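**Student:** Have a look at this one before I ask anything.
The values are calculated or read from the model by the stated rules, or taken from the named source; none is laboratory data. Since this is a predicted model, take the numbers as computed values, not measurements. Don't worry about glycine lacking a Cβ; one is built from the backbone with ideal geometry, like all the others, and counts go over all protein chains shown.
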Amino acid sequence: MKNSILTFAAILIISLSACAQSTPVTPEPPKADGTTSYSISVHEDDNSMSNSSVSVTKSDDEYKFRASFHKSKTNRVKAVLLDRLGKGNLSVNGSVYLWTDSKSSDEVFECKLTKGKLRMYMDKELVSNSFYKKIEALGTDLKHLISGTNAKKMAAKDAKRAQQDLERAQRDVERAKKDLERAKERLAKKKN
């Protein structure tokens, strides 16, 4: 009876140790035909006490960009839009700036800027790949402008976080190896 309990315990320890040493399965990245969404909210520390929020939604057939921000940023956002989109297909009605593009009664692209709000919509199936990349890059730049983030600093911060995660995983692997060795030693002692 005692030997069967020890044998069972040894098998259990070895099984658990073998599982602890297996390489984790790397998840597959999301497929391009799915929907991805990114959202950021920022509370600004200046005296205006305003919040900014940016939401980007990409699917296989459309791209949407929505942002709310303090009205003081409207002129900077407008300057970027005028620089990137130009004045073609632009209509201005008071403080509303609207860029539109249609093909055979289908809305292909729309960008609407009002004080403190920006909305962009693009039908990816009806635009060229170069136009899509242009609008996606515009959205990325506007996201950083509106949220007050810096693309290079964000990339550096993400790289640092990834490095810390890697180092933590390496420490966990080393700890698991030590645990396995101790379990093997205990098992060897029990057999003797």
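**Student:** Would you be able to say whether some residue in the stretch 109-124 is more than 26 Å from the chain's Cα centre (by Cα), at pLDDT below 95 and within 20 Å of Ser59 (Cβ to Cβ)?
**Tutor:** No, the stretch 109-124 contains no residue that is more than 26 Å from the chain's Cα centre (by Cα), at pLDDT below 95 and within 20 Å of Ser59 (Cβ to Cβ).
**Student:** Is it the case that Tyr38 is over 30 Å from Ala183 (Cβ atoms), at pLDDT 60 or above and not charged (D, E, K, R)?
**Tutor:** Working: over 30 Å from Ala183 (Cβ atoms): yes; at pLDDT 60 or above: no; not charged (D, E, K, R): yes.
The answer is no for Tyr38.
**Student:** Still on this model: Out of the residues in the stretch 97-134 that are among the aliphatic types (A, V, I, L, M) and crowded, with 17+ Cβ neighbours inside 10 Å, which is farthest from Gly86 (Cα to Cα)? If you could, list the steps in order and put the result at the bottom.
**Tutor:** Within the stretch 97-134, the first condition is being among the aliphatic types (A, V, I, L, M), and the residues that meet it are 98, 108, 113, 118, 120, 122, 126-127.
Now restrict to residues that are crowded, with 17+ Cβ neighbours inside 10 Å: 108, 113, 118, 120, 122, 126-127.
Values: Val108: 17, Leu113: 14, Leu118: 16, Met120: 15, Met122: 17, Leu126: 20, Val127: 17 Å.
Per the stated criteria, the residue is Leu126.
**Student:** Go through the stretch 63-78 and give me each residue that's touching a residue at least 60 places away in the same chain (Cβ under 8 Å) and either in contact with an Asp or Glu (Cβ under 6 Å, 6 or more places away or on another chain) or of a type in the set (Lys, Arg) (or both).
**Tutor:** Keep residues of the stretch 63-78 that are touching a residue at least 60 places away in the same chain (Cβ under 8 Å), which gives 63, 65, 67, 69, 73, 76-77.
Hits for the stretch 63-78 are Lys73, Arg76.
**Student:** Looking at the stretch 151-170, I want the residues that are surrounded by 10 or more Cβ atoms within 10 Å (Cβ to Cβ) and at pLDDT 85 or above and have a partner that is in a helix (DSSP H, G or I) and polar (S, T, N, Q) with Cβ atoms under 9 Å, at least 6 apart or on another chain. Which pairs are those?
**Tutor:** Listed by first residue and then by second, the contacts come to nothing, as the list is empty.
**Student:** Quick one: which residue in Lys143, Lys190, Lys178 is within 17 Å of Val54 (Cβ to Cβ), of a type in the set (Lys, Arg) and either surrounded by 11 or more Cβ atoms within 10 Å (Cβ to Cβ) or modelled with pLDDT of 85 or more (or both)?
**Tutor:** Lys143
**Student:** Would you confirm whether or not the stretch 79-89 contains a residue that is in a strand (DSSP E or B) and either touching a Phe, Trp or Tyr at 6+ places or on another chain (Cβ under 8 Å) or at pLDDT below 95 (or both)?
**Tutor:** Within the stretch 79-89, the first condition is being in a strand (DSSP E or B), and the residues that meet it are none.
So far as the stretch 79-89 goes, no, none of its residues is in a strand (DSSP E or B) and either touching a Phe, Trp or Tyr at 6+ places or on another chain (Cβ under 8 Å) or at pLDDT below 95 (or both).
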